[in-house]
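Enquirer: Encoded as C-alpha cells, here's the structure I'll be asking about.
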Amino acid sequence: MQFYVIQTLNSLALGGVLFLLSSGFSLIFGLQRIPNLAHGALFMLGAYIGTSLISRGVDFWAAAVLSGIAVGLLGAALERLILRRLAGNEQGQVLVTLGVAFIIADVCLMVWTGDPIPVPAPDGLRRPIFAYGLAFPTYRLVVVGVAVVMAVLLFLLIERTRLGAMIRAGVDDMEMARGVGIRVSRLFSITFFFGVALAGAAGVVAGPIFSAYPGLDADMLPLALVVVILGGVGSLLGAFVGSFVVGFVYNFGTALLPDLAYVILFLPMVLALVFKPEGLFGRARP
Amino acid sequence: MTAINRRTVLQGLAVATGTLAAPAVQAQPTPVRIGFLTVKTGPLASGGLQMEQGLLLYLKERNNRLAGRAVELITADTGGVPAQARTKTQELVERNRVHCIIGPLAAFEALAIDDYIRGVGLPTLAVAAADDMTQRNPNPWFVRATSTSSQCAHPMADYALNELRMRRMAVIADDIAYGHEMLGGFQRVFEDGGGRVVQKLWPPLAVPDYGTYISQFRSNLDGIYMGFAGSNGFRFTRQFNEYGMGGRVPLTGGMTAVDESLLQNMGNEALGIVSANWYSAELDNPINRSFVELMRRDYRVDPGFYAAATYTNGAVLEAAMRSVDGRVEDKEPFMAALRTNAVPETCRGPVRFDQYGNVVGNVYIRRVERKGPRLVNTVIKTYPDVSQFWTYDPAAYLRNPVYSRDNPASRFLER
C-alpha cells in the first residue's frame, strides 16, 4: 500500500515537471514544425541561471521567472537570427537546434564547471511531510500544483485569447492562417519565446529535485520527445495527459520491472507511432 | 577535429621558449611527449577537468621536466565517447608520436583502445577502473596506479561487517560495468563474512530522479551501499534526504559516491557517509599536504579521485623515467620499469604493482565530516597494501567470471 501511494505521488511530481518542460516543446513543434532539440539544453541553462540568481539572494520563485525570461529572450533571438533564415529547410533547422544544444551545454560547462550545483527548495518546503507513517517530499507536491496552475493558464491562453486562436490556426493550417492575415512570423517569435521561457523556468522549478548538472539536458530531452509524440504534436491537452502518462509509466515501470526500464519508457511511444501516429490528442495532418 | 588544441599549442610554446631560453651548456635531449586523454566536454567533463588540473600541477611543480627531460604534454579531448577515444589515441601516436599516454578516464574508453595499445605497444597509465584490464584479459602495456572498480569495495564490505556491524544491507549502483563490479566485490566479501545483501537496485546511468528507487528500500536495513559514478551520488543523497530517509538508514559508498568534487556543493545531508577510496584529500603525508594546498591555491578546489589519479600517475611515470635514465624511446625497458617500480611516496601513500600491472596500495575508509566551512572525507581506518584480489587467491579468483549484475549470485534477495 505504502509503495503504491508513494509511487503515485512520485509519478504525479515527475509528470508535473515533464508538463512544464514539454508544453513549450509541443507548441513550438506544432506551430513551426521544428522539433527544437535545444529544448533540453535550454531547460538546463534555465536551471543554471536559477542557481546563480538564487545564490545572489534572489527569491526562488522570482529566480524561476527571471530565468525563464532570460532563456526565452535567448530562444527568441535564436528564432529570429538563425531559424528564420532557414525557413522551409526543416532538416537544416533540426540540425541547427541540435548544434545549439551542444553549444549551450559546453558554455554551461565553461561557466558553471562540471560539478553539480544544488538548487535549494524555497524555505518551508524543504522538510518532508510525515503523514500516515509515510514521508513524502513537500516540494514535489508543490511542483504538481505549479504544473496544474500553469496548465490552466496555458489552456486559457490558447483557448480564450486572440493570441491563442492565432496559434491554433497556425497549428492547424499554416497557409490558411497566413491567408486570413495572421502575421505568422511574429507569431513564431512569440511562441518560441513563450515555449522556451517555459523550459527555462521549468529548469529552476525542477532544480530542487534534479539539481543542475552537465548531462541534465540529455536526460530530459528524450522524455520530452516521448511526451510530445505520445500526446500529439501541438496539443496542450496532449502534452498534459502525455506528461502524466509518462510519469506513471516511468515510475511504476522502473519500480516493478527494473530490468526493462528503458523498454517501458519508450514502448508507449513506439505503439503510438505505429497505431496512432498523430498522437493521442493530435490532429492528423493533411 | 584537431588533435592539437589551443592549450596544447600554448603549452608547447611555453616548453619551446623555456628550452630556447636555457643556456645551451649541454646538448638538450628532445622533449618526452606525453599524450593525455581526458574528457573536457559532455557529462564526464567534471572528472576530466580535475584529471587535467592534477596533471598540470604535477608538471608545473617540476618546471615541466621529468627525469632531466623537458615534457611536452599533448592533451586530447575524448568527450567521453569510446570511438573518439580511439581516434584521439591513434592521432596521438601517429601524428604526435607520443611516448606514452595518461588516461583515459572511463572504462569503456579503455576497452575501446585496448587492442590498439597492444598492437603498437603504447605504455598507458590508465585512470579507468575496468577490472578485467588487469585481470582476465591483462594488457601488457597497461599500468594502473588507481584501482580496479572492486578493489575498494572489498575493504568497504569488510568495514561494514566488522566495524559498523551491519548484517542486512541494500545496494544500489549505476547500471554499468563500473557499478556491477563495485557491487559484485562488495557483495562477495559482505556475504562471505556472514552478511546478507537483501536488495539490489540498478538505476540507469542517466536517471534524473531517484525517487522511484528510494521509495523501494526495505525497512529495517542496517545500511545502504551506493556504487555511483559522476554526480549521481550527489543527487541520490539529496533526494534520499528529501524523502525523509536521511539519518534513518546509514549510507556507505564506493570510490566516487562522495568525491571531494561533489562534497564542495553538498550540505549537511552528506554528513556521516562512510566510503572507501584509495585516496582522501585529508591524507596526512607531506606530498599530499602540499598537493592539496596547491590545488586550493590554483583551482580553489579540494582534489578528489580524478585529480589524485593523474597526480599519482605523474609520480609513477617520473619514477619509471628516472630508473631508465629518461630513455622512454626504449619501450620494453620503460614499460617494465613502469610496472615493476615501487614508488614509496605518492599523494595516496606507497604504491607498487602486481604482475598484472595493477596497483597494490592502501585503501582508506573515510567518513564525511565538517571541518570549518568545508565538508571533508576524514580517514577513519587504513587497510594497508590492498590487492585487487583482496585476500582471495589470485588464481582461484580469476577462475570466477568477472563481477556482473548476477555474479556473485544473490542468495538473500527479498522479493
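Values quoted throughout were computed directly from the atomic coordinates according to the rules given, and no laboratory measurement underlies them. Everything quoted here is computed from the prediction, not taken from an experiment. Positions of Cβ are generated from backbone atoms using ideal geometry, with glycine treated the same way; all protein chains shown enter the neighbour counts.
Enquirer: Take the alpha-carbon positions of segment A:1-147, form their convex hull, and give its projected area averaged over all directions (one quarter of the hull surface) in nm².
Expert: Values: hull surface 42.1 nm².
Average of the hull's projected areas for segment A:1-147 equals 10.5 nm².
Enquirer: Given that compact globular proteins tend to follow 2.2 N^0.38 Å, what is the ratio of the alpha-carbon Rg of chain B to that value?
Expert: Details: Rg = 21.1 Å, N = 415, 2.2 N^0.38 = 21.7 Å.
Normalised by 2.2 N^0.38 Å, the Cα Rg of chain B equals 0.97.
Enquirer: Based on alpha-carbon atoms only, what is the radius of gyration of segment B:220-330 relative to the globular estimate 2.2 N^0.38 Å? Spell out each step's value before the answer.
Expert: Details: Rg = 17.7 Å, N = 111, 2.2 N^0.38 = 13.2 Å.
In units of the 2.2 N^0.38 Å rule of thumb, it is 1.35.
Enquirer: What value in Å³ per residue do you get for the convex hull of the alpha-carbon atoms in segment A:159-210?
Expert: On the way: hull volume 4.6 nm³, N = 52.
It comes to 89 Å³ per residue, whole-number rounded.
Enquirer: For peptide A:252-265, compute the average count of partner chain beta-carbon atoms within 10 Å of each residue's beta-carbon. Mind showing how you got there, number by number?
Expert: Working: counts 1, 1, 9, 6, 2, 0, 9, 3, 0, 6, 2, 0, 0, 1.
The shielding value for this peptide is 3.
Enquirer: Can I ask one more? Within 10 Å of each residue's Cβ, count the other Cβ atoms and sort B:T124, B:T382 from fewest upward. Present the calculation step by step, with values, prior to reporting the outcome.
Expert: Working: B:T124 28, B:T382 14.
Ordered by Cβ neighbours within 10 Å, fewest first: B:T382, B:T124.
Enquirer: Just to be sure I follow: if Rg is taken over the C-alpha atoms of chain A and Rh is the Kirkwood radius over the same atoms, what is Rg/Rh? Could the numbers behind the result be given before it?
Expert: On the way: Rg = 18.6 Å, Rh = 19.2 Å.
So for chain A, dividing Rg by the Kirkwood Rh gives 0.97.
Enquirer: Quick one: length gained pulling A:A218 to A:F130 fully straight, 0.36 nm per residue minus the C-alpha distance? If you can, show how the numbers build up before the last one.
Expert: On the way: separation 88, 0.36 × 88 = 31.68 nm, distance 3.37 nm.
Taking A:A218 through A:F130 to full extension adds about 28.3 nm, to one decimal.
Enquirer: Related question: What trypsin sites (Lys or Arg not before Pro) in segment A:28-131 are in a loop by DSSP, with at most 12 other Cβ atoms within 10 Å of the Cβ? The partial results should precede the final answer.
Expert: Working: sites: A:R33, A:R56, A:R80, A:R84, A:R85, A:R126; in loops: A:R33, A:R56, A:R126.
Sites meeting the loop and neighbour criteria: A:R56.
Enquirer: Could you tell me the largest-minus-smallest coordinate of the C-alpha atoms of segment B:323-365 on each of the three principal axes, in descending order and whole angstroms?
Expert: Extents along the principal axes, in whole Å: 40, 20, 10.
Enquirer: While we're on this one: I'd like the mean, over residues of B:365-371, of how many other protein chain beta carbons sit within 10 Å of each residue's own Cβ. Walk me through the numbers before you get to the answer.
Expert: Working: counts 0, 0, 0, 0, 0, 0, 0.
Taking the mean over all residues of the peptide, I get 0.
Enquirer: In whole Hz, with x marking every Gly and Pro, tabulate ³J(HN,Hα) for segment B:280-294 from phi via Karplus 6.51 cos²θ - 1.76 cosθ + 1.60, θ = phi - 60°.
Expert: 8, 5, 8, 4, 9, 9, x, 5, 5, 4, 6, 4, 5, 4, 5
Enquirer: Per DSSP H run of n ≥ 4, the term is -39500 (n - 2.57); total these for the protein assembly as shown, divide by its residue number, and report the mean residue ellipticity at 222 nm rounded to 500 deg cm²/dmol.
Expert: Details: 24 runs with 366 residues, N = 701.
Taken over the protein assembly as shown, the calculation gives -17000 deg cm²/dmol.
Enquirer: Treat the count of other C-beta atoms within 10 Å as a stand-in for reagent exposure and order A:V17, B:V351, A:V270, A:V241 from fewest to most.
Expert: Details: A:V17 27, B:V351 23, A:V270 12, A:V241 20.
Neighbour counts put them in this order, fewest first: A:V270, A:V241, B:V351, A:V17.
Enquirer: Using each residue's phi in segment B:263-278, evaluate 6.51 cos²θ - 1.76 cosθ + 1.60 at θ = phi - 60° and report the 3J(HN,Hα) Karplus result to the nearest Hz, with x for Gly and Pro.
Expert: Result, ordered by residue: 4, 5, 10, 8, x, 4, 4, 7, 4, x, 5, 9, 9, 10, 8, 7 Hz.
Enquirer: Among all the aspartates and glutamates, which ones have a C-alpha under 20 Å from B:K88's C-alpha, if same-chain residues fewer than 8 places away are not counted?
Expert: Hits, sequence-local ones excluded: A:D106, B:E52, B:E72, B:D77, B:E109, B:D114, B:D115.
Enquirer: Then there is this: Check which residues have an amide H placed less than 5 Å from A:L280's amide H, if you skip close sequence neighbours.
Expert: Hits under the 5 Å cutoff: A:G231, A:G232.
Enquirer: Let me ask you something else. Picking from B:F108, B:C152, B:G79, whose Cα lies most toward the positive end of the charge dipole for segment B:78-163 (charges on Cβ: Lys, Arg +1; Asp, Glu -1)?
Expert: Result: B:G79.
Enquirer: Would you pull out the residues with amide H under 5 Å of B:V363's amide H, same chain only if 5 or more places away, H placed 1.01 Å from N?
Expert: B:Y383, B:D385, B:V386
Enquirer: Another question about this same structure. Which listed residue (A:V152, A:P118, A:G92) has the Cα farthest towards the positive end of the charge dipole for segment A:89-181, taking +1 on Lys and Arg C-beta and -1 on Asp and Glu C-beta about the Cα centre?
Expert: The residue sitting farthest along the positive end of the dipole is A:V152.
Enquirer: Which trypsin sites (Lys or Arg not before Pro) in segment A:155-244 pass both tests, a DSSP loop state and at most 16 other beta-carbon atoms within 10 Å? Working shown, then result.
Expert: On the way: sites: A:R160, A:R162, A:R168, A:R178, A:R183, A:R186; in loops: A:R183.
For trypsin sites (Lys or Arg not before Pro) across segment A:155-244 that sit outside H, G, I, E and B with at most 16 neighbouring Cβ atoms in 10 Å, the list reads A:R183.
Enquirer: Please list, or write none, the aspartates and glutamates whose alpha carbon is within less than 16 Å of the alpha carbon of B:K200, excluding same-chain residues fewer than 8 places away.
Expert: A:D259, B:D174, B:D175, B:E181, B:E191, B:D222, B:D406, B:E414
Enquirer: Taking just the alpha-carbon atoms of segment A:60-219, what radius of gyration and Dmax come out, in angstrom?
Expert: Cα-based Rg and Dmax for segment A:60-219 come out at 18.9, 61 Å.
Enquirer: How much of the calculated P(r) for segment B:277-415 lies past 18 Å, in percent of all Cα pairs? Show your work: numbers first, answer last.
Expert: Values: 6261 of 9591 pairs.
Summing the P(r) of segment B:277-415 above 18 Å gives 65 percent of all pairs.
Enquirer: Placing +1 at every Lys and Arg Cβ and -1 at every Asp and Glu Cβ, with all other atoms neutral, what dipole size does the protein assembly as shown have around its Cα centre, in debye to the nearest 20? Write out the running numbers ahead of the final one.
Expert: Values: 62 positive and 55 negative charges, 216 e Å.
In total the dipole reaches around 1040 debye.
Enquirer: Beyond 46 Å, what share of the Cα-Cα pairs of the protein assembly as shown remains, rounded to the nearest whole percent? Could the numbers behind the result be given before it?
Expert: On the way: 58289 of 245350 pairs.
Every Cα pair in the protein assembly as shown considered, those over 46 Å come to 24 percent.
Enquirer: May I pose another question? Which of A:A201, A:A165, A:A70 moves most in a GNM of chain A, Cα contacts under 10 Å?
Expert: Highest fluctuation among the options: A:A165.
Enquirer: Please arrange B:V93, A:V171, A:V274 by how many other C-beta atoms lie within 10 Å of their C-beta, fewest to most. Spell out each step's value before the answer.
Expert: On the way: B:V93 20, A:V171 24, A:V274 8.
Least to most surrounded, the residues fall as A:V274, B:V93, A:V171.
Enquirer: Continuing with the same structure: For peptide B:201-209, compute the average count of partner chain beta-carbon atoms within 10 Å of each residue's beta-carbon. Please list the in-between numbers first.
Expert: Numbers: counts 3, 4, 3, 6, 2, 6, 4, 13, 13.
Whole-number average of other-chain Cβ neighbours for B:201-209 is 6.
Enquirer: Same structure, new question: Using a Gaussian network model of chain A whose springs link C-alpha atoms within less than 10 Å, name the residue from A:Y213, A:Y132, A:Y48 with the highest mean-square fluctuation.
Expert: In this elastic network of chain A, the residue with the biggest mean-square fluctuation among A:Y213, A:Y132, A:Y48 is A:Y132.
Enquirer: Another one. At a Förster radius of 25 Å, what calculated FRET efficiency corresponds to the Cβ-Cβ distance of A:V184 and A:L273, to the nearest 0.05? It would help to have the intermediate numbers written out before the result.
Expert: On the way: r = 28 Å, r/R0 = 1.13.
Approximately 0.35, to the nearest 0.05.
Enquirer: Taking the Cα atoms only, what angle lies between the long axis of helix B:107-120 and the longest principal axis of chain B, rounded to 10 degrees?
Expert: Roughly 40 degrees between the two axes.
Enquirer: Springs between alpha-carbon pairs under 10 angstrom, Gaussian network model over chain B: which of B:Q151, B:Q187, B:Q239 fluctuates most?
Expert: Answer for the Gaussian network model of chain B: B:Q239.
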